[in-house]
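The values are calculated or read from the model by the stated rules, or taken from the named source; none is laboratory data. It should be emphasised that the depicted structure is a prediction, and the values quoted were computed from it without experimental measurement. Virtual Cβ from ideal backbone geometry, glycine too; neighbours counted across all protein chains shown. For the accessible areas, the whole protein counts, side chains as well, though only heavy atoms, and no ligand, DNA or RNA atoms are used. Shrake-Rupley method; radii C 1.70, N 1.55, O 1.52, S 1.80 Å.
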Amino acid sequence: MTRGSKVHEQLEKYLKDGTKPNENTTAGLIASKGLDLIPKPDKKNKVELSLAEFPVPNLPIPFKGFIDYLVTDAEDGIIEIGDHKTTSGWKWAKNEEELATNTQLIIYARHVL
């Protein structure tokens with residue numbers, strides 16, 4: 001969990017101001033390997049957003065969470081909601097089918113959309 005938080009910090013800095021991850025650290029090396037999977041730094045992109053910023057009316061139980069990045073000004077009009085994930089091995093990584101039914105991502109999408 002600690003390593004994941006450190007990777008997350010490096011990716012957040014990259015998205016906010018373009019600071020490349022420090023590859024002299026384990027977290028920075030891990031973060032640098034995923035840069036091609038996230039948006040390029042852009043002031044229009046939103047980073048580290050609370051779900052409270054996107055209230056869903058009449059929820060019986062409010063959700064607490066943070067969206068790692070949100071891209072809404074894409075040329076193709078597609079909204080991209082991103083959440084950084086790290087894992088200790090590929091066997092734990094989610095495939096496309098698992099992501100399509102992932103409760104956390106569905107909740108994030110519901111809040112934003």
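Taking the stretch 62-84 as the range and being at negative phi, open to solvent by 40 Å² or more (accessible area, probe 1.4 Å) and either aliphatic (A, V, I, L, M) or at pLDDT below 90 (or both) as the test, the residues that pass are 62, 72, 73, 75, 76, 78, 79, 81. Against the list (1) surrounded by 12 or more Cβ atoms within 10 Å (Cβ to Cβ); (2) closer than 22 Å to residue 4 by Cα; (3) in contact with a helix residue (DSSP H, G or I) (Cβ under 8 Å, 6 or more places away or on another chain), the condition residue 54 fails is (2). Within the stretch 85-113, the set of residues being of a type in the set (Lys, Arg) and either surrounded by 14 or more Cβ atoms within 10 Å (Cβ to Cβ) or free of Cβ contacts under 8 Å to residues at least 40 places away in the same chain (or both) comprises 85, 91, 94. On inspection, residue 49 passes the criterion of being touching a helix residue (DSSP H, G or I) at 6+ places or on another chain (Cβ under 9 Å) and crowded, with 17+ Cβ neighbours inside 10 Å. The set of residues in the stretch 6-37 being open to solvent by 60 Å² or more (accessible area, probe 1.4 Å) and either acidic (Asp, Glu) or part of a helix (DSSP H, G or I) (or both) consists of 6, 9, 13, 16, 17, 23, 26, 29, 30, 33, 36, 37.
Cβ-Cβ contacts under 7 Å between residues 6 or more apart (or on different chains), taken from a first residue in the stretch 4-15 that is among the charged types (D, E, K, R) to a second residue that is open to solvent by less than 40 Å² (accessible area, probe 1.4 Å), are listed as 6/27; 12/47.
One residue stands out among those in the stretch 44-96 that are part of a loop (DSSP other than H, G, I, E, B) and of a type in the set (Lys, Arg): the one that is nearest to residue 110 (Cα to Cα), which is 64.
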